[in-house]
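Down below is the structure, laid out as structure tokens.
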Amino acid sequence: MIKYKFFWLSLIILFFSLFYPFEGNKSGPGYDKVVHILLFAFVSVNAYFYFSKDKKQLILVLAIIASLPVLTEVIQHFIPYRNFDWKDIIADYVGLVVGWGIFVLLKKPIIGIYKLLGDEY
């Protein structure tokens, strides 16, 4: 049950972060791209954990998630306080790959944590 909450939480955080009207980039150059990588890695790793037992669902969800970088940037183009940036799309896809890598490398320890917390896997 915990992993399901993390998946939905990751989507809420992603959409909030991509569409909320934050004021300016006060954290220096490249910070925005790091945030994109982290957001999409968080969504990706949670999707793998949430859907890894059902391969058909996993493929469908990954296809939907793989469309999000382009879709969200196109939507941002039409929002007054946001803009379209190809570099964000690249950072988003890097994040999806990083999430997959985290899943592959840390699958067993994270499953152990879920079980310790009383969640089934």
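Some observations on this one:
- Nearest-20 debye value, the chain charge dipole, Cβ charges on Lys, Arg, Asp, Glu: 440
- Trypsin sites (Lys or Arg not before Pro) within segment 44-111: DSSP coil, no more than 10 neighbouring Cβ in 10 Å: 53
- Radius of gyration, Dmax [the chain; alpha carbons; angstrom]: 15.3, 46
- Only Cα pairs under 8 Å and 6+ residues apart enter the sum, and on that basis the relative contact order of the chain stands at 35 percent.
- Exceeding the 27 Å Cα-Cα cut-off - candidates 56/115; 33/55; 5/107; 87/115; 33/108: 33/55; 87/115; 33/108
- Approximating the spin labels as points 7 Å out from Cα along Cα→Cβ, the residue 6-to-residue 94 distance works out to 2.4 nm.
- Full-stretch length increase - residue 120, residue 70 - with 0.36 nm per residue and alpha-carbon distance subtracted: 14.6 nm
- Theoretical ellipticity at 222 nm over the chain - DSSP helices of four or more residues, -39500 (n - 2.57) apiece, nearest 500: -27000 deg cm²/dmol
- Here the spin labels are modelled as points 7 Å beyond Cα on the Cα-Cβ line, and at residue 57 and residue 86 they lie 3.8 nm apart.
Every number in this text was worked out from the coordinates using simple rules, so none of it is lab data. A quick note: this is a predicted structure, and the numbers were derived from the prediction, not measured. Note: ideal-geometry Cβ built from the backbone for every residue, glycine included; neighbour counts use all protein chains shown.
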